[in-house]
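Participant: The structure under discussion is supplied below as structure tokens; questions concerning it will follow.
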Amino acid sequence: MTTNREILTLAQWLSPAFPVGAFAYSHGLEAAVQAGWVASGADLAEWLEDVIAHGSGRNDCILLRAAHDADGSQDLAKVNAMAKAIAASAERQLEQALQGAAFCKTTGAIWRGEGAEYLYPVAVGAAAAKLRIDVALTAAMYLHAITSNLISAAQRLMPLGQTEGQAVLAALSPLCEETAKAAMALTCDDLQSTAFLSDIAAMRHETQQPRIFRS
């Protein structure tokens, strides 16, 4: 049974205040807004729905679960290599590598986590396993936090009010839970993405100028 302390630990790890620098990344959304692909709250909701269910969100949950179930550092290294390989662009890989390194540094200092640095979903899965935190809950809260951060990024890129942003997040919360739950029955053999426009946006962002986000 998951305890309140475990839930609070996840809330701390996935809070905007946790020093992984999530505010600096838009996951390609900045390029999508500039191209006019995302211009309203409705557009944003559809974009994020695809990312969660058919793109990097789903893949992250699979990788998180694989890291949680890994048997030792060698298995974790294999999952991490898979995470690097599945990244659709250099910026996507850099985004997850830098956030993962920052996450490992902080959790290692406080919770004595893994000494190695892993990509973000792998790092979160490994840390949750070390503290015996339920993997399905971890994946759902991770996906919810990623979605929340992208909505926050959108509010800095386009006319999107706080209330509308929260409405988008509330509407997508069940999908975060469903996607995380479905990923519990999947393995790294099931990694794939059909959110092609999101991947293209991430690639375009690599040379976009001017820009305010790192990805």
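Where a number appears in this text, it was derived from the coordinates with a stated rule and is not lab data. Just so it is clear, the model here is predicted, and its values are computed rather than measured. Virtual Cβ from ideal backbone geometry, glycine too; neighbours counted across all protein chains shown.
Participant: How far apart, in nanometres, would the label points at Ser15 and Ala116 be if each is projected 7 angstrom from Cα along the Cα-to-Cβ direction?
Facilitator: 3.0
Participant: If you don't mind, another one. For the range 88-173, run through the chymotrypsin sites (Phe, Trp or Tyr not before Pro) and keep only the ones in DSSP coil with at most 15 other Cβ atoms within 10 Å of their Cβ. Let's see the in-between values first.
Facilitator: Values: sites: Phe103, Trp111, Tyr118, Tyr142; in loops: Tyr118.
Taking the range 88-173 and a limit of 15 other Cβ atoms within 10 Å, no loop chymotrypsin sites (Phe, Trp or Tyr not before Pro) are found.
Participant: Shifting gears a bit: Starting from the eigenvalues of the Cα gyration tensor, five times each then square-rooted, give me the equivalent ellipsoid semi-axes of the range 69-194, largest first, whole Å.
Facilitator: Equivalent-ellipsoid dimensions as semi-axes: 26, 17, 16 Å.
Participant: Calculate how large, on average over all directions, the projected area of the Cα convex hull of the range 1-57 is; give the answer in nm² to one decimal.
Facilitator: Answer in nm², one decimal: 5.6.
Participant: In nm, to one decimal, how far is the Ala167 label point from the Ala182 one, both placed 7 Å along Cα→Cβ?
Facilitator: 2.6
Participant: Right, something else. Over all alpha-carbon pairs of the range 1-98, lay out the pair-distance distribution in 10 Å bins, whole %, shortest bin first.
Facilitator: 13, 33, 39, 13, 2
Participant: Please rank Phe213, Phe23, fewest neighbouring Cβ atoms within 10 Å first, as an exposure proxy.
Facilitator: Phe23, Phe213
Participant: Measure nothing but the geometry: give the 0 to 90° angle between the long axis through the Cα atoms of 41-54 and the longest principal axis through the Cα atoms of the chain, rounded to 10°.
Facilitator: Here the helix axis deviates by roughly 40 degrees.
Participant: What is the fewest-to-most order of Ile52, Ile200 by other Cβ atoms lying within 10 Å of their Cβ?
Facilitator: Ile200, Ile52
Participant: How high is the relative contact order of the chain, in percent, counting Cα pairs under 8 Å that sit 6 or more residues apart?
Facilitator: 39
Participant: Sorted from largest down, give the three principal axis spans of the alpha carbons of the chain, whole angstrom values.
Facilitator: For the chain, the Cα extents along the three principal axes come out at 45, 34, 32 Å.
Participant: Evaluate E = 1/(1 + (r/R0)^6) for Asp71 and Leu94, where r is the Cβ-Cβ distance and R0 equals 30 Å; express this FRET efficiency to the nearest 0.05.
Facilitator: E between Asp71 and Leu94, to the nearest 0.05, is 0.60.
Participant: So if I average 1/r over every pair of distinct C-alpha atoms in the range 154-205 and take the inverse, what Kirkwood radius in Å does that give?
Facilitator: When all Cα pairs of the range 154-205 are included, the Kirkwood radius is 13.8 Å.
Participant: Output the 0 to 90 degree angle, nearest 10, between the alpha-carbon long axis of helix 196-205 and the longest principal axis computed from the alpha carbons of the chain.
Facilitator: Rounded to the nearest ten degrees, it is 80.
Participant: Show which lysines lie in cross-link reach of Lys78 when reach means a straight Cα distance below 18 angstrom and same-chain residues fewer than eight apart are skipped.
Facilitator: Within the straight-line cut-off, Lys78 pairs with Lys130.
Participant: Let me ask something else. Quote the FRET efficiency, to the nearest 0.05, computed for Arg5 versus Gln209 with a Förster distance R0 of 41 Å and r equal to the Cβ-Cβ distance.
Facilitator: Given R0 = 41 Å and the Cβ-Cβ separation, E is 0.35.
Participant: By how many degrees, between 0 and 90 and to the nearest 10, does the Cα long axis of helix 73-86 differ from the longest principal axis of the chain?
Facilitator: 10
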